[in-house]
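Reviewing the structure listed below.
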Amino acid sequence: MKTAIVTDTNSGIFPEEAQELGVFVLPMPVLIDGETYYEGENLSIQQFYRLLTNGAAVFTSQPGPGYILPLWDRILEEYDELVYIPMSSGLSSSCETAQGLAREYGGRVQVADNHRISLSQKSAVLDAKALADAGCGAAEIRRELERTAYDSMIYIGVETLEYLKKSGRVTAAGAALGTVLNLRPLLKIEGGKLDACARVRGTDSCKKRLLSEIEKSLEDFLTKGWTVDVAVADSYPDPAFSGKWLAMAKETLDCGELGYSPLTCSIGSHVGPNAFGMAISRRLV
């Protein structure tokens, strides 16, 4: 059986990298000032954050059947089956939509709801590809991804509360108070839910707290005997700041190689530019 691995750009995997990895990726739609763009296709991350900073009206959306089905059909001309790994059902209805569409394929399409997004979703894609290369079938891969769905954690610090206010994650009064007090919320994504982890005064302190939380999670994961994947992400428009954040993480953590992906539009629309994050995920292979 030839099993293909398919994901969406919420994973931080874009077409060029997808080709290198031997997987397939579905660009996510983004509505900007009333016009639809597709992430990684005719909208780069740099363009997205520039438009966001300049005050464009931005809304993320889920891909419709007319966009998903042609991709699946094209892949299944070459492969016997596929595993589709969308963003978490806890953050979008795109997973539920895909599960409904998959019922028409008689088991050839397996949709894995492994409750992940961004860096942790990318780890799941890498695991799925390794399992497929080892000869595992689509149904078995889906079961493994869902069995270990909650074995990951993402932390994100934000530079401004403006975008969290727009998305309803904080009230206008809370955002105003946070701005006056120079508070930086540290957010946590665990099991597909975005929650507040802590409020820290100043960006540098927020970064240090984030790294401290990752260190605790790393110790916990390693104590369980798990192989782990630790990675860095951000929404810095300036690559120099991305480099500084990555260097700070490398200096602090003793965990081998650190991966990197940008924070994609689905998260970026909530946290805005100049956000910084890290994830730790259990690796199956």
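The values are calculated or read from the model by the stated rules, or taken from the named source; none is laboratory data. Since this is a predicted model, take the numbers as computed values, not measurements. Glycine gets a Cβ as well: all are built from the backbone with ideal geometry, and neighbour counts include every protein chain shown. When the accessible area is computed, the model is the full protein with side chains, heavy atoms only, and any ligands, DNA or RNA have been set aside. Shrake-Rupley method; radii C 1.70, N 1.55, O 1.52, S 1.80 Å.
Report, by residue number, each residue of the range 93-117 that is closer than 15 Å to residue 61 by Cα, in contact with a helix residue (DSSP H, G or I) (Cβ under 7 Å, 6 or more places away or on another chain) and either among the β-branched types (Val, Ile, Thr) or not in a helix (DSSP H, G or I) (or both). Correct list: 117 only. For the range 30-43, the set of residues classified as assigned to a strand (DSSP E or B), open to solvent by 40 Å² or more (accessible area, probe 1.4 Å) and of a type outside the set (Val, Ile, Thr) consists of 31, 35, 37, 38, listed by residue number. Being buried (at least 22 other Cβ atoms within 10 Å of the Cβ) and touching a Lys or Arg at 6+ places or on another chain (Cβ under 6 Å), is that true of even one residue in the range 102-113? Yes, the conditions are met somewhere in the range 102-113.
Residue selection: residue 205 satisfies the criterion of being of a type in the set (Ser, Thr, Tyr) and more than 30 Å from residue 93 (Cα to Cα).
In the range 177-257, counting only strands (runs of 3 or more DSSP E) that sit wholly within it, the ones holding 2 or more residues that are over 20 Å from the mean Cα position of the chain (by Cα) and surrounded by 15 or more Cβ atoms within 10 Å (Cβ to Cβ) span 183-190, 193-201.
Only one of the numbered conditions (1) within 17 Å of the chain's Cα centre (by Cα); (2) open to solvent by less than 60 Å² (accessible area, probe 1.4 Å); (3) more than 19 Å from residue 143 (Cβ to Cβ) is violated by residue 46, and that is (2). Considering each residue of the range 1-21, count those that are assigned to a helix (DSSP H, G or I) and open to solvent by 10 Å² or more (accessible area, probe 1.4 Å), and give that number. Summing the residues that are assigned to a helix (DSSP H, G or I) and open to solvent by 10 Å² or more (accessible area, probe 1.4 Å) in the range 1-21 gives 6.
What about residue 128, is it within 19 Å of the chain's Cα centre (by Cα), within 30 Å of residue 236 (Cβ to Cβ), touching a residue at least 40 places away in the same chain (Cβ under 8 Å) and assigned to a helix (DSSP H, G or I)? Please lay out each step first, then the result.
Details: within 19 Å of the chain's Cα centre (by Cα): yes; within 30 Å of residue 236 (Cβ to Cβ): yes; touching a residue at least 40 places away in the same chain (Cβ under 8 Å): yes; assigned to a helix (DSSP H, G or I): yes.
Yes.
Of 89, 61, all but one fail to be open to solvent by 30 Å² or more (accessible area, probe 1.4 Å), closer than 30 Å to residue 155 by Cβ, in contact (Cβ under 8 Å) with a residue 40 or more places away in the chain and of a type in the set (S, T, N, Q); the exception is 89.
Filter the range 64-86 for residues that are of a type in the set (Val, Ile, Thr) and either more than 22 Å from the chain's Cα centre (by Cα) or open to solvent by 30 Å² or more (accessible area, probe 1.4 Å) (or both) and give the result. Lay out the reasoning, then the answer.
Step one: of the range 64-86, the residues of a type in the set (Val, Ile, Thr) are 68, 75, 83, 85.
75 - this is the single residue of the range 64-86 that is of a type in the set (Val, Ile, Thr) and either more than 22 Å from the chain's Cα centre (by Cα) or open to solvent by 30 Å² or more (accessible area, probe 1.4 Å) (or both).
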